[in-house]
Amino acid sequence: MISPRPATIVAMKPVINKASHATVAETVAHLIAEVEARGMKLFTTIDHSAEARAAGLELRETKLVVFGNPRSGTPIMQAAPLAGLDLPLKVLVRADPGRTCVSYIAPAELAARYQLSDELAAGLAGIDAVTDAAVGRGA
């Protein structure tokens with residue numbers, strides 16, 4: 001198994017990392033509940049670790065939650081079609097030694113990447129509140 005490089009992950013400024021005291025499964029459940037409570041669409045959850053096991057490989061518990069709001073995302077993709085590479089929004093939930101980590105690309109990074117107006121960029125900002133609530137920081 002390849003050793004993870006957490007220092008590299010932490011050093012990435014466009015990526016926001018938040019710690020959760022719950023397990024990966026509990027954090028994913030909280031995240032999904034927040035997405036649904038806010039009227040967003042849950043597109044899928046990808047269980048990277050289960051897929052690794054199915055391929056005979058080992059990977060710490062790692063899940064990707066894909067969600068968004070077509071009313072916010074569609075205008076972004078109309079203005080910047082390549083934003084479809086990053087939309088819908090994605091949150092990676094993974095087990096790190098002694099904690100669960102929730103990571104996603106910062107909304108400001110996505111807005112800058114696609115040169116979005118402030119109005120369009122506002123449609124990405126909800127990910128902060130959703131993840132704060134999911135990790136127990138409140139909305």
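Quick note: the coordinates plus some simple rules give every number you see, no bench work behind them. In this text the structure is predicted, and so the values were computed from the model without any measurement. We place every Cβ from the backbone using ideal geometry, glycine too, and count neighbours over all the protein chains shown.
Taking each residue of the stretch 43-57 that is among the acidic types (Asp, Glu) and looking for partners that are surrounded by 12 or more Cβ atoms within 10 Å (Cβ to Cβ) with beta-carbon atoms closer than 8 Å, six or more apart or interchain, yields ASP47/THR62; ASP47/LYS63.
Residues in the stretch 58-83 that are in a helix (DSSP H, G or I) and hydrophobic (A, V, I, L, M, F, W, C) were compared, and the one that is nearest to GLY126 (Cα to Cα) is ILE76. Candidates in the stretch 84-101 are the residues that are buried (at least 20 other Cβ atoms within 10 Å of the Cβ) and of a type in the set (A, V, I, L, M); of these, the one that is nearest to ALA125 (Cα to Cα) is LEU89. Selection of the stretch 24-51 for residues being hydrophobic (A, V, I, L, M, F, W, C) and either surrounded by 18 or more Cβ atoms within 10 Å (Cβ to Cβ) or assigned to a helix (DSSP H, G or I) (or both) yields VAL24, ALA25, VAL28, ALA29, LEU31, ILE32, ALA33, VAL35, ALA37, MET40, ALA50.
Restricting attention to the stretch 88-136, the residues being in contact with a helix residue (DSSP H, G or I) (Cβ under 8 Å, 6 or more places away or on another chain) and outside any helix (DSSP H, G or I) number 17.
Look at ILE16 and say whether it is in contact with a Lys or Arg (Cβ under 8 Å, 6 or more places away or on another chain) and part of a strand (DSSP E or B). Against the criterion (in contact with a Lys or Arg (Cβ under 8 Å, 6 or more places away or on another chain) and part of a strand (DSSP E or B)), ILE16 does not qualify.
For the stretch 87-122, filtering for residues that are over 18 Å from LEU31 (Cβ atoms), without any contact (Cβ under 8 Å) to a residue 60 or more places away in the chain and not aliphatic (A, V, I, L, M) leaves 8.
For the stretch 107-130, enumerate the residues that are among the small types (Gly, Ala, Ser) and surrounded by fewer than 17 Cβ atoms within 10 Å (Cβ to Cβ). Spell out how you get there, then give the answer.
First, pick out the residues of the stretch 107-130 that are among the small types (Gly, Ala, Ser): 108, 111-112, 117, 121-123, 125-126, 129.
Across the stretch 107-130, the qualifying residues are ALA108, ALA112, SER117, ALA122, ALA125, ALA129.
Under 9 Å by Cβ, and 6 or more places apart or on different chains, what pairs join a residue from the stretch 29-41 that is under 15 Å from GLY136 (Cβ atoms) with one that is assigned to a helix (DSSP H, G or I) and of a type in the set (Ser, Thr, Tyr)? Partner pairs satisfying both residue conditions: LEU31/THR131; GLU34/THR131.
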